[in-house]
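The values are calculated or read from the model by the stated rules, or taken from the named source; none is laboratory data. Keep in mind that this is a model prediction, so the values were computed, not measured. Don't worry about glycine lacking a Cβ; one is built from the backbone with ideal geometry, like all the others, and counts go over all protein chains shown.
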Amino acid sequence: MGKILTYVGIALAVAAVLAGIIFSSNRTSSAVNKPPEAAILYNIDDYKKVDPALIGYTEVRQIKPAFRELYGMACDADDKIYVTGDEQLAIFDPAGDEISRIDLGHEAKCVTLSPDQLIYLGLNHTVAVLDRNGKALRSWVAESESAVITSVAAGERDVFVADAMNKVVLQYDPAGNLLRRIGEKDPESERPGFIIPSFYFDLAIDPDGFLWVVNPGLHTFENYTFEGKLRASWRKTAFDLEGFGGCCNPTHMAILPDGSFVTSEKGLVRVKIHDPTGQFRTVVAAPNQFAEGTVGLDLAVDSRGQILVLDPKTGMIRIFAKRSS
């Protein structure tokens, strides 16, 4: 995040002005059109303290893959865990034992599973598709060879690819044919497009079959139909638990079966849950549970409701379960 300077008073004033949540249906929220104050300097130390009563999860175990670098993670319907690191894909059973390892030849920054349990990987500017045993089925180069693929979501008939370099979501059919570009800047409607100051740009399909995309520079979640139309959005710019601060947060998300969002952040490193309209629900992991400088906390959810956090700093998959009442 760079050197942190102490202008707490200014930060609190900005947070107060920008605080609030916007949720719109079948229209573009006005909050999407106005970027947060990027030039304000702030101190986040006070926000690192979290009331234990607000932490609804506890860490129950860890898995340490044999990788030098960890990049992406996903869970399948049987709770097998897929992790990319170095230039390989490792698959673990629900107990945390490695059952398979596949050489990819390139770094895969993200991985996801389709409803029919095919494995989709983002390898720089290429999408690769494997069967559940790791056999290569097909691949295609994204629309531009300058693409940096940071997230892939696969539905029954559509594959969505987040291209952080070109600041666009690309929609393909399963064969790799480009259907449309989603979320581009549109001066006519005054939409700024996706604001991506660093290469963190995540997306996912919710239980109702709609696409959600994080617009990290605006601290906004944008909901699209499969025809590429903006359907709804919510945003909360704030350093407290209610929202997201810094240049580009959240960096990653996963969606729970009830439509709630699990989010992770950099700078002020934490994992939280917000309900489907963006209201803060609980903390999964507080800042003091992560090492200084932690970034890239990819997320997954298993069938038991456990939240899996990929922690590249410690080289571990950290698993959190809901605290008993």
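In contact with a Ser or Thr (Cβ under 8 Å, 6 or more places away or on another chain), part of a loop (DSSP other than H, G, I, E, B) and at negative phi: is that true of V309 in this structure? No; evaluated as a whole, the condition is false for this residue.
Find the residue count for the range 106-118, including only residues that are surrounded by fewer than 17 Cβ atoms within 10 Å (Cβ to Cβ) and either of a type in the set (G, A, S) or closer than 16 Å to R138 by Cβ (or both). Here the count works out to 3.
Checked against (1) modelled with pLDDT under 95; (2) touching a Pro at 6+ places or on another chain (Cβ under 9 Å); (3) surrounded by fewer than 20 Cβ atoms within 10 Å (Cβ to Cβ), T277 passes all but a single condition, namely (2).
Of all the residues in the range 141-190, those that are surrounded by fewer than 16 Cβ atoms within 10 Å (Cβ to Cβ), touching a Lys or Arg at 6+ places or on another chain (Cβ under 8 Å) and aliphatic (A, V, I, L, M) number 1.
Restricting the search to the range 279-296, which residues are on the phi > 0 side of the Ramachandran plot and touching an Asp or Glu at 6+ places or on another chain (Cβ under 9 Å)?
Initially, the range 279-296 is screened for residues on the phi > 0 side of the Ramachandran plot, giving 293, 296.
Residue satisfying the conditions is G296 alone.
From the residues in the range 287-306 that are assigned to a loop (DSSP other than H, G, I, E, B) and touching a Leu at 6+ places or on another chain (Cβ under 9 Å), which one is surrounded by the most Cβ atoms within 10 Å (Cβ to Cβ)?
Initial filter on the range 287-306 (assigned to a loop (DSSP other than H, G, I, E, B)): 290-297, 302-306.
Adding the requirement that they be touching a Leu at 6+ places or on another chain (Cβ under 9 Å) leaves 290, 296-297, 302, 305.
Numbers: F290: 22, G296: 19, L297: 24, D302: 18, G305: 13.
Going through the qualifying residues, I end up with L297.
Each residue in the range 227-243 was checked for being in contact with a strand residue (DSSP E or B) (Cβ under 7 Å, 6 or more places away or on another chain) and not β-branched (V, I, T), and 11 of them qualify.
Restricted to strands (runs of 3 or more DSSP E) entirely inside the range 44-96, those with at least 1 residues that are in contact (Cβ under 8 Å) with a residue 60 or more places away in the chain and farther than 27 Å from I149 by Cα are 57-63. Checking each residue in the range 144-154 for being within 17 Å of the chain's Cα centre (by Cα) and assigned to a loop (DSSP other than H, G, I, E, B) picks out only V148. Within the range 151-204, being at pLDDT 95 or above and of a type in the set (S, T, Y) holds for S151, Y172, Y200.
Among residues that are at pLDDT 95 or above, under 21 Å from the mean Cα position of the chain (by Cα) and within 18 Å of R304 (Cβ to Cβ), D76 is included.
Evaluation of T277 against the conditions (1) in a loop (DSSP other than H, G, I, E, B); (2) in contact with a Phe, Trp or Tyr (Cβ under 7 Å, 6 or more places away or on another chain); (3) under 20 Å from D45 (Cα atoms) shows that the sole unmet condition is (3).
For residues in the range 119-140 being β-branched (V, I, T) and farther than 17 Å from R101 by Cα, which is surrounded by the most Cβ atoms within 10 Å (Cβ to Cβ)? Spell out how you get there, then give the answer.
Taking the range 119-140 as the starting set, the residues that turn out to be β-branched (V, I, T) are 119, 126-127, 129.
Imposing the further condition that a residue be farther than 17 Å from R101 by Cα reduces the set to 126-127.
Values: T126: 16, V127: 23.
Result: V127.
Based on what the data block shows, is V127 touching a residue at least 24 places away in the same chain (Cβ under 8 Å), out of contact with any helix residue (DSSP H, G or I) (no Cβ under 9 Å at 6 or more places or on another chain) and under 22 Å from F226 (Cα atoms)? Step through it out loud before you land on a result.
Working: touching a residue at least 24 places away in the same chain (Cβ under 8 Å): yes; out of contact with any helix residue (DSSP H, G or I) (no Cβ under 9 Å at 6 or more places or on another chain): yes; under 22 Å from F226 (Cα atoms): yes.
Here the answer is yes, as V127 does meet what is asked.
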